[in-house]
């Protein structure tokens with residue numbers, strides 16, 4: 001079954017990791033409550049700065065920051081669109097919609113939706 005994945009990469013100050021973890025645990029619960037199949041957040045462990053490209057370069061990582069790589073899995077793009085519409089209206093996430101309350105610089109975050117081509 002081909003699934004659909006939203007993927008995102010973002011920089012988080014190391015001093016804010018605990019706050020980010022709390023925020024993402026709540027976000028993950030909300031996404032799962034509305035039908036997402038999986039919600040995964042991963043912190044960098046073995047990522048080096050590259051000469052041309054790398055995870056640190058992709059988010060213009062600064063001293064004292066780390067990189068997170070995360071994804072949410074859905075049945076299809078239509079399913080993703082339905083789930084995300086519900087998530088965006090969920091009052092549990094209202095405080096997260098203000099960029100000033102985020103424990104990271106959302107301007108350096110990037111994301112996208114992907115159709116799976118291999119799903120073992």
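The values are calculated or read from the model by the stated rules, or taken from the named source; none is laboratory data. The shown structure was predicted, so the numbers you read here are calculated from the model rather than taken from an experiment. Cβ sites come from the backbone with ideal geometry, for glycine too, and all protein chains shown count toward neighbours.
Structure notes:
- Those residues of region 21-40 which are in contact (Cβ under 8 Å) with a residue 12 or more places away in the chain, touching a strand residue (DSSP E or B) at 6+ places or on another chain (Cβ under 7 Å) and part of a helix (DSSP H, G or I), in sequence order: 24, 28, 31
- Checking each residue in region 10-20 for being touching a strand residue (DSSP E or B) at 6+ places or on another chain (Cβ under 8 Å) and not in a strand (DSSP E or B) picks out 14, 17, 20.
- Qualifying residue in region 41-58 (condition: part of a helix (DSSP H, G or I), buried (at least 17 other Cβ atoms within 10 Å of the Cβ), more than 11 Å from the chain's Cα centre (by Cα) and at pLDDT 95 or above): no
- Test: residue 102 is farther than 30 Å from residue 118 by Cα, crowded, with 17+ Cβ neighbours inside 10 Å and touching a strand residue (DSSP E or B) at 6+ places or on another chain (Cβ under 9 Å): no
- Selection from region 14-36 of residues that are touching a helix residue (DSSP H, G or I) at 6+ places or on another chain (Cβ under 9 Å) and crowded, with 16+ Cβ neighbours inside 10 Å: 23, 27, 30, 31, 34, 36
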